[in-house]
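Right, one structure below, let's go through it.
The values are calculated or read from the model by the stated rules, or taken from the named source; none is laboratory data. As the structure is a computational prediction, the values presented were derived from the model and not from experiment. As a convention, Cβ positions derive from the backbone with ideal geometry for all residues, glycine included, and neighbour counts pool all protein chains shown.
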Ligand code: HEM
């Protein structure tokens, strides 16, 4: 997608798409839009056209469960939901996960070493964040295969999807996901423990602050956001390193750069390529006025490669880039990723251990991409290792 983003930035950085939505692709415009306090509630769009139809269908009988999560809510709901979850999702509780994350990474690397060859997505990039968020929430390992399939179908709602069959599929996945989550919540009510889900249930029971539907939606959001994104950080970062042997060598020489390398991977090949806002009032970008009620896509991945912000080396991978942390891969403003600290921790531990353990990590076949526009990463990443 990167040549296409470059074309957009060079020729039409504030684009009105023929389908009726707008696309912003410059760093400054993306940041300004996300900080301007517009809506994230797609039902507020008054555009009509294909984008409108998509959201009406998703609101239909299948009910897209994510619509009631904080990701799709404006104040005061957003403020209330976010503060409830951040209360139980504290920096201290995240930092305390490091030993568990290290053990999970090492177990994955052991399996890879024993096999000599492996699909890095299947062995490490997917199971690591998936297991961590499942354990944090306190979910039983049963149902995980089904949930994995459902969540992969559900996140297609984060992309421009217009075919009726695809929309029906998303709706069905949403409905099934809701049913499973309700069962899990019921089970957890009977078996409370020291985990995130029990804490959210306690918050719901403790007062009138979280409705039943909202509880389901927050759980699904945490579950989906907890693994459908970090998988791409680990897999895209590995691809970036294998394609830039000088950077891999530098990381091996200077492991203390790993934290910064993770920021650079997030910038260089962003796990979440875009997000969107509905303008609540006219919004001006580069002298062009976007009307109120417009559906605007903020292209995070393009902003992260914008030469006007990063300078002429924007397309290069440089794990020691000084301002790498200024990427917008976690968004900015009120919806800034709530799981950023967790994703950074998982990424740092995974790359520290992977690079140290396998000095001759290499590709062992073609990368197969997942075909997604937004949560873009490989579906399969065959690698060879020699322990
Ligand atoms: C929101 C990216 C990992 C939980 C977001 C948004 C982005 C994002 C771009 C904001 C969307 C917007 O402004 O419209 C990422 C990336 C990740 C990652 C790139 C991994 C590399 C995680 C993890 C969790 C998580 C591990 C939790 C376990 C959330 C939640 C929100 C969110 C709850 C909603 C915040 C709100 O609406 O206030 N993430 N995320 N994310 N993320 Fe993440």
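Some observations on this one:
- Selection of region 61-70 for residues being within 13 Å of the ligand (Cβ to nearest atom) and either more than 17 Å from residue 223 (Cβ to Cβ) or at pLDDT 90 or above (or both) yields only 70.
- Among the residues of region 8-40, those identified as assigned to a helix (DSSP H, G or I), away from the ligand (no atom under 16 Å from the Cβ) and closer than 19 Å to residue 373 by Cβ are 8, 9.
- Of the residues making up region 281-304, just one is part of a loop (DSSP other than H, G, I, E, B) and within 15 Å of the ligand (Cβ to nearest atom), namely 304.
- The listed residue being more than 16 Å from the ligand (Cβ to nearest atom), at pLDDT below 95 and surrounded by fewer than 19 Cβ atoms within 10 Å (Cβ to Cβ), out of 366, 315, 360, 320: 360
- Which listed residue, of 353, 344, is part of a helix (DSSP H, G or I), at pLDDT 95 or above and more than 16 Å from the ligand (Cβ to nearest atom): 353
- A single entry from 138, 174, 226 fulfils the requirement of being in contact (Cβ under 8 Å) with a residue 60 or more places away in the chain, in contact with a helix residue (DSSP H, G or I) (Cβ under 6 Å, 6 or more places away or on another chain) and more than 25 Å from residue 341 (Cα to Cα): 174.
- Given (1) touching a helix residue (DSSP H, G or I) at 6+ places or on another chain (Cβ under 7 Å); (2) surrounded by fewer than 20 Cβ atoms within 10 Å (Cβ to Cβ); (3) within 15 Å of residue 273 (Cα to Cα), index of the condition residue 3 fails: (1)
- So residue 309, is it crowded, with 17+ Cβ neighbours inside 10 Å and under 30 Å from residue 37 (Cα atoms): yes
- Residue check, residue 327 closer than 23 Å to residue 40 by Cα, surrounded by 18 or more Cβ atoms within 10 Å (Cβ to Cβ) and within 16 Å of the ligand (Cβ to nearest atom): yes
- For first residues located in region 313-336 and free of Cβ contacts under 8 Å to residues at least 24 places away in the same chain, partners that are in a loop (DSSP other than H, G, I, E, B) and near the ligand (Cβ under 7 Å from one of its atoms) and lie 6+ apart or on another chain with Cβ distances below 8 Å form the pairs 336/330.
- Applying the condition of being in contact with a helix residue (DSSP H, G or I) (Cβ under 7 Å, 6 or more places away or on another chain) and under 19 Å from residue 72 (Cβ atoms) to region 142-159 and asking which residue is modelled with the lowest pLDDT yields 157.
- Residue 332 satisfies every condition listed in (1) away from the ligand (no atom under 15 Å from the Cβ); (2) not in a helix (DSSP H, G or I) except (1).
- Elements of type helices (runs of 4 or more DSSP H) in region 71-156, at least 1 residues being away from the ligand (no atom under 16 Å from the Cβ): 98-115, 144-154
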